[in-house]
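Read the figures in this text as sums done on the coordinates, not as results from a lab. Please read all numbers here as calculations on a predicted model, not as lab measurements. Using ideal geometry, Cβ is built from the backbone for each residue, glycine included, and neighbour counts are taken over all protein chains shown.
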Amino acid sequence: MAAEREGMGPGNALSAHGQGVITVAAAVIRDASGRYLICQRGPASSNPSLWEFPGGKLEPGETPAECLARELSEELGIRAEIGGLLLETGSRTAKSPLRLLFLEARIAQGTPSPTEHSQALWVGPGDLGLYDFTPPDRELAVLLMKKAGD
């Protein structure tokens with residue numbers, strides 16, 4: 001069900017919860033050294049202790065870019081510039097199907113300081129395989145590792 005998308009801008013309005021599907025936007029943030037920002041889910045969350053790319057659920061009427069900017073501010077205390085869509089994929093929880101949108105992002109202001117995650121780390125693409133990701137985030141991690149090997 002994964003599909004890489006080109007040309008779909010982050011400002012395109014998408015239904016936050018179309019037909020029982022929960023839409024989640026996640027940030028792919030890369031630093032000047034080529035490392036990616038990943039976060040470890042907190043003990044009280046679903047999938048505790050697993051790693052993910054930071055983000056969250058779209059609220060009704062929100063675009064993926066608006067959602068991601070809000071989530072990064074709330075969860076990491078950073079202001080980010082949101083770029084284009086890198087990957088769209090799907091998953092399923094016990095309650096409902098998920099639609100995940102991974103968007104490029106750049107930190108415009110602040111230093112990541114997790115409020116809901118156990119920790120946040122900068123990790124090189126070759127080391128992403130050392131972390132236990134949630135299934136949809138693992139799909140992106142594998143894609144990023146392959147791109148680094150090209």
Practice item. Can you tell me how much longer the chain between Asp132 and Ala32 gets when fully stretched, taken as 0.36 nm per residue apart minus their C-alpha distance, in nm with one decimal? Key: 33.6 nm
Study note, to complete from the structure: Mean separation of Cα contacts under 8 Å (at least 6 apart) over the residue count of the stretch 18-149, i.e. the relative contact order in percent, is 31
Review point. Under the rule of -39500 (n - 2.57) per DSSP H run of 4 or more residues, summed and divided by the residues of the chain, what mean residue ellipticity at 222 nm is obtained, to the nearest 500 deg cm²/dmol?
Key: -6000 deg cm²/dmol
Practice item. Using just the alpha carbons, could you tell me how many Å³ per residue the convex hull of the chain encloses? Key: 110
Check your understanding: What range in the chain is the longest one free of GluC sites (Glu not before Pro) that are in a loop by DSSP and have at most 14 other Cβ atoms within 10 angstrom?
Key -> 7-150
Check your understanding: Which listed residue (His117, Pro136, Gly149) has the Cα farthest towards the positive end of the charge dipole for the stretch 109-150, taking +1 on Lys and Arg C-beta and -1 on Asp and Glu C-beta about the Cα centre?
Key -> Gly149
Review point. On full extension of the chain, what length is gained from Lys57 through Arg70, given 0.36 nm per residue of separation minus the C-alpha to C-alpha distance?
Key: 3.7 nm
Review point. What net charge do the residues around Pro125 carry, taking every other residue with its C-beta under 10 Å from that of Pro125, with Lys and Arg at +1 and Asp and Glu at -1?
Key: +3
**Study point:** Rounded if a/c under 1.5, otherwise prolate or oblate - the stretch 25-83, Cα gyration tensor axes
**Key:** oblate
Exercise for review: Extending each Cα 7 Å along its Cβ direction at Trp122 and Ser49, get the distance between those two points in nm, one decimal.
Suggested key: 2.8
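Please figure out what share of the DSSP beta bridges in the chain is antiparallel and state it in percent, rounded to the nearest 5.
DSSP beta bridges in the chain are roughly 75 percent antiparallel.
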Review point. What is the local net charge at Cys39, summed over the other residues whose Cβ is closer than 10 Å to its Cβ (Lys, Arg +1; Asp, Glu -1)?
Key: -3
